[in-house]
Each structure stands twice: as structure tokens, then as C-alpha cells.
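A.B. asks: Can you read through this structure? Questions will come right after.
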Amino acid sequence: MQSSDGWSTDDFRRQGKLVLELLTDFVDRGRRGEGDVVGIRSVEELARAMDLARLITEGGADDDRFRALVETFLDSATNLHHPAYIAHQVAVPHYASALADLISGTIANGMAVYEMGPTAGAVEIAVIDWMLAKVGWQPTGRNRDNEPAVGSSPGGGVLTHGGSLANLTAMLAARAAVAPEAWEHGTPADLVVVAPANAHYSLSRAAAAMGLGTSALVAAPTDRLGRVLPDELPELLDRLADDDRRVMAVCANACATATGLYDPVREVGELCRERGLWFHVDGAHGASALLHQDEAWRLAGVDLADSLIWDAHKLLQTSVLCAAVLVRDGRTLAGAFQQDAVYVTEGEREIGFDFILQQFECTKAPLGLKLTMVLALVGEDGLAENIGTLWENTRGIYARIAARSGFETLCEPESNILCFRCEGDDALQTLIRKKLMHDGDFLLSQADVAGRRWLRLAVMNPLTDEATIDRLLDRIEALAAEGN
Ligand SMILES: Cc1ncc(COP(=O)(O)O)c(C=O)c1O
């Protein structure tokens, strides 16, 4: 039945089937490696191709125009299902999480307070408790069937729209622990955050947004590849204390965005515990290694942290976005947002949980359903197997590149991220990346590490096999010959 809002459930059923068919074709093409991995064209050209000006102002698209819009959109979209997608840290989503997006979009249960989406709330609590258990922390106790052990403090956490917001949330919890008055009176000027210089920029962005200023980010001592040197940290911490600077948090990468290398989490954690400092682990990308029995050791000691962020949309086959900020002591998260939102909450709830007091967002999508639906189909073991395959494939790709003359690798990979370059200067690396992208053959990223520019692979797709890499190296060789 059509109502005054311009659509009927018959339209939904018919056009929903059409969209699902077009998407299935898109995924099929990608998985077979057919067509371009990305269709870079100018904004004007794409807007014209999609007929955006007319559709936006006039509306009233019939089935043919609706189909044309979706087809044209997908035609130039970046296809993460394609094995030549080796660029950014975004998971190749399992279809189950895409279906969760559809459910979420249809029911629009915005998660600020419990009654806006009780099932979404229960799902998020289950996901957070599952992640806390993987870290070795106590459950939140928000599900009364799953209480923390007697005598231990409950863990805490919320899902956020992305790792950047998760990092900001962790920094707000750290600030509340060190300077609880800051919420009302502003951030004290003596606070600093110690982090390796290659920490994700969302940490310096958080520092700037919190009024600390990016200059409050003090570089931790690192080796040539940007890994924290724990033996040299005490000297820095002593110097900061002598200068009357208070450390709000010490941060470690697990793993680093550019290189995929892990900081020595246990050593940094032990030092922070000794000195009573807030220890934050950015595991946006690499915390998923906790699921794999042969790779989890890289995060040994993560339970010493006070906060950890972990993105499901990077390595847990979950569609963008689904990130978690977790805290060892759930009470610390309550300090992050000291807001009296009584107009939406009812204070102490008898039933359920209001996320609004522990998250930056007010309304939030039911993010947990995406990961839960993937887990429901593949299970923890399936996720672990996928991670194992990506790690193994990356080691294989490394060996292949290292064995080929005319190429140089940065270091042995510790995850599914790998940096390499072909003979030539920095400008040549950028030129090659751009050429591959504009031709639509391969999508790579790039990173500046140890003073030089590298082509960077994030091997997100288990279909990126040796044949794909051989083709890539052949193409790079040919482009380098042209460009040199
Ligand atoms: C280590 C690290 N932290 C944080 C982020 C930010 O995550 P998001 O893109 O979900 O905001 C990234 C993104 O690549 C990352 O690699």
C-alpha cells in the first residue's frame, strides 16, 4: 500500500530484489577478478553519469532510472571483492554484515537509550563482552547472565562509528582518570600523551579536539621502523616529570597503520603499571590477531592496558563501520562523558542499558548486529581462519617480492600489511601507484617510512594470490621502465 511518504512495501520488495541482484553480480565480478578494481573519474563526470542533478531535484525515478542509478554507482565503485584490491584497511565484508546493514537501515533503531533498540542493545553488550573475554578482561555485567567474577571490577566498552571515534573516547576516559575536573573546567595545560610518531593521526586529532593541542603529543623513542623502544621510555617519562608535565596516556600500536608492525605491548604495559600511568593500545587493525592461536602472542600483555580499540571492519569481515573501545575497568568509561542527559535517560535503569552516557554519538546505528551476524555464520573459528590466511598470504607475497630483482622490501611483515618499493626515487613510487589506480588494474596505498616512500599492500582479500602479485610486479616493472 502506497502512503503519503511516497513508497509502498511492494516497491520495497521489488526494488530490494533488484538491488540484491545487482550487488550479487558486483560481488561475483569482483571475486572472479573481472573488470576494474576502481573507476577513478572526476566528480563532474560521475555526477553526470549518475544523473544526480536531475534525480536529486526532480525525484520520481521509475524502475529503469532507479536501476540505472544503482548500476552506474556500482560500475565505478571500488570493488573490495576484487583480488587486485590491496590498498586500505577495510574488510572485504561478509555478506551477512551487509544484510545486517539492510536490517539496520530498515528498522533504524538508533542506539542512544535502551528503548530505541532493545535487541540492538543486547547484541552490542554480547559483542563487547565477547571482545573483553578475548582480551582477558571481565565482562561488563550489563547482561546479568554474564556477571564479572566476584571481587573483580567489570570491564567496559562501547561500539563506535570507527576507530577514530574509539581513540577519542579512550583519550577522554584517560583524561577523566588523570584530570576529572577537565570536563567542566577544560583540559589542564600540563597534560601530555606519549605515543610513537607513527601512531594513527586520530590520536593527534583527538588531542587537538580535546584542547590539548597536537604539541601535547610527545614522541615515544622508537627504532628505525617506528617500534617503541621500552628500555628508553623511562628516561623520557623521567624527563617529562622533571618538566612538570603530567602523562595522560602512553600509547602503543598493535599494529601500526603504515608498517603493520606491533609495539612490544607487554613491556610498555608493565612500565605503565609500575608508574601508575594510563596505557592505551591502538589495536584498531591488529587486535583481531587475538583470535588466532599462532598470532595472538604479538598482543601478549594487552590485558595490562587500561584501554584498547579494536575495529571489526578491518579484520573481522564486517562492513564499515564497527569499532570498539574497551576498558579494563568499566568505571573509567563512565568518566569519559560526565553529562547529565536526563532529558533522554531515566537515570538508574531497572532493565537494559543506555549507551548514550558512554559514547560520543547520541543516535548510533546497531553496529553490533553486523559482527554478530558474521559470527553467527562463520563463528570465531571462521574469523580466525580468515586472519590466518591473510597473514600467511602476506608472508608468501613478501617472499615473492624479496626474491625478485629490482624490488626492495621494508621488513618482514608481522600482519597483513607490507611495504615495498621498486628501484627508483620516491616520486616514481607515487607515479606507479597513481598509474595503476587510474588504469583501474590495481589499488595499492603508499606510506613514508624511515625517510623513504614505499608502496604499501594491505592484503585484505584472501583471493589476492601469487598470480595476482606476479601480475602486479610485472606491471610495476613495465611502468618503472617507462618512468625512469
Ligand atoms: C592503527 C589505527 N588506528 C585507528 C584508525 C582509525 O580507524 P577508522 O578508520 O575506523 O576511524 C586506523 C585506520 O586505519 C588505524 O590503522
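A.B. asks: For the range 117-180, take the convex hull of the Cα atoms, compute a quarter of its surface area, and give me that in nm², please.
C.D. replies: Directional mean of the projected Cα hull area for the range 117-180 stands at 5.5 nm².
A.B. asks: Calculate for the chain the 222 nm mean residue ellipticity that helices alone would give, adding -39,500 (n - 2.57) per DSSP H run of length 4 or more and normalising by residue count, nearest 500 deg cm²/dmol.
C.D. replies: Taking each H run of at least 4 residues, the total per residue is -13500 deg cm²/dmol.
A.B. asks: Please report, to one decimal in angstroms, the Kirkwood hydrodynamic radius of the range 68-111 built from all distinct Cα-Cα pairs.
C.D. replies: Working: mean 1/r = 0.0791 Å⁻¹.
Result for the range 68-111 stands at 12.6 Å.
A.B. asks: Next up: If ligands, DNA and RNA are left out, what is the accessible area of Glu71 with a 1.4 Å probe, given in Å² to the nearest 10?
C.D. replies: 80 Å²
A.B. asks: Restricting to Cα atoms and excluding each atom paired with itself, what does the Kirkwood estimate give for the chain in Å?
C.D. replies: Hydrodynamic radius (Kirkwood, Cα only) of the chain equals 24.1 Å.
A.B. asks: Here is a further query. Please report, in debye to the nearest 20, how large the charge dipole of the range 241-352 is about its Cα centre when each Lys and Arg carries +1 at its beta carbon and each Asp and Glu carries -1 there.
C.D. replies: 160 debye
A.B. asks: Okay, moving on. Does the range 143-186 classify as rounded, prolate or oblate by the C-alpha gyration tensor (a ≥ b ≥ c root eigenvalues; a/c under 1.5 gives rounded; else a/b over b/c gives prolate, otherwise oblate)?
C.D. replies: It comes out oblate by the Cα gyration axes.
A.B. asks: Could you state the orientation-averaged shadow area of the convex hull built on the Cα atoms of the range 386-431, in nm² to one decimal?
C.D. replies: 3.4 nm²
A.B. asks: Given Cβ point charges of +1 (Lys, Arg) and -1 (Asp, Glu) and nothing else, what value in debye, to the nearest 20, does the dipole of the chain about its Cα centre take?
C.D. replies: For the chain, the charge dipole is close to 380 debye.
A.B. asks: So, in nm, how far is label Asp51 from label Arg29 when the simple model puts each one 7 Å beyond its Cα toward the Cβ?
C.D. replies: 1.8 nm
A.B. asks: Per residue, how large is the accessible surface of the range 202-318? Use a 1.4 angstrom probe and give square angstrom.
C.D. replies: For the range 202-318, the solvent-accessible area averages 37 Å² per residue.
A.B. asks: Check the straight Cα-Cα distances from Lys134 and name the lysines below 22 Å, setting aside those fewer than 8 residues away within the same chain.
C.D. replies: Counting by Cα, and skipping residues close in sequence, Lys134 has these lysines nearby: Lys314, Lys370.
A.B. asks: Next question, about the same structure. Could you tell me which residue out of Thr57, Ala166, Val92 lies farthest along the dipole of the range 37-179 toward its positive end? Charges go on the beta carbon: Lys and Arg +1, Asp and Glu -1, centred on the Cα centre.
C.D. replies: Ala166
A.B. asks: Moving to a separate point now. So what's the range 1-73 giving for Cα Rg divided by 2.2 N^0.38 Å, two decimals?
C.D. replies: Computed over Cα atoms of the range 1-73, the ratio equals 1.31.
A.B. asks: Once Rh is set to the Kirkwood radius over Cα pairs, what Stokes-Einstein translational diffusion coefficient, in µm²/s, holds for the range 342-451 at a temperature of 4 °C and a viscosity of 1.567 mPa s?
C.D. replies: 69 µm²/s
A.B. asks: Aspartates and glutamates within cross-link reach of Lys435: Cα-Cα under 17 Å, excluding same-chain residues under 8 positions apart?
C.D. replies: Within the straight-line limit of under 17 Å, Lys435 reaches these aspartates and glutamates: Asp36, Glu423, Asp425, Asp426, Asp474, Glu477, Glu482.
A.B. asks: Could you check how much of the accessible area of the chain is carbon and sulfur, as a whole percent, using a 1.4 Å probe?
C.D. replies: Here carbon and sulfur together make up 52 percent of the probe-accessible area.
A.B. asks: Taking only protein heavy atoms into account and a 1.4 Å probe, give the accessible area per residue of the range 327-484 in Å². Numbers along the way, then the final one.
C.D. replies: Numbers: 7110 Å² over 158 residues.
With the other protein chains kept in place, the range 327-484 gives 45 Å² per residue.
A.B. asks: Say the dipole of the chain comes from +1 at the beta carbon of Lys and Arg and -1 at that of Asp and Glu; which of Phe420, Leu22, Gly382 then lies farthest toward its positive end?
C.D. replies: Farthest towards the positive end: Phe420.
A.B. asks: Using the crude model of +1 on Lys and Arg Cβ and -1 on Asp and Glu Cβ, and no other charge, please compute the dipole size for the range 52-107 relative to its Cα centre, in debye to 20.
C.D. replies: On the way: 3 positive and 7 negative charges, 35 e Å.
In total the dipole reaches around 160 debye.
A.B. asks: Modelled label-to-label distance, Arg65 and Thr214, 7 Å Cα→beta-carbon offset: nm?
C.D. replies: 4.5 nm
A.B. asks: Please list, by residue number, everything in the range 174-205 whose backbone N is under 19 Å from a paramagnetic label point 7 Å out along Cα→Cβ of Glu232.
C.D. replies: 193-200
The values are calculated or read from the model by the stated rules, or taken from the named source; none is laboratory data. Predicted, not measured: the structure shown is a model, and the values here were computed from it. A quick note on method: Cβ atoms are made from the backbone with ideal geometry, for glycine too, and the neighbour counts reach across all protein chains shown. The protein model used for the area step is the full one, side chains on, heavy atoms only, and it has no ligands, DNA or RNA in it. Shrake-Rupley method; radii C 1.70, N 1.55, O 1.52, S 1.80 Å.
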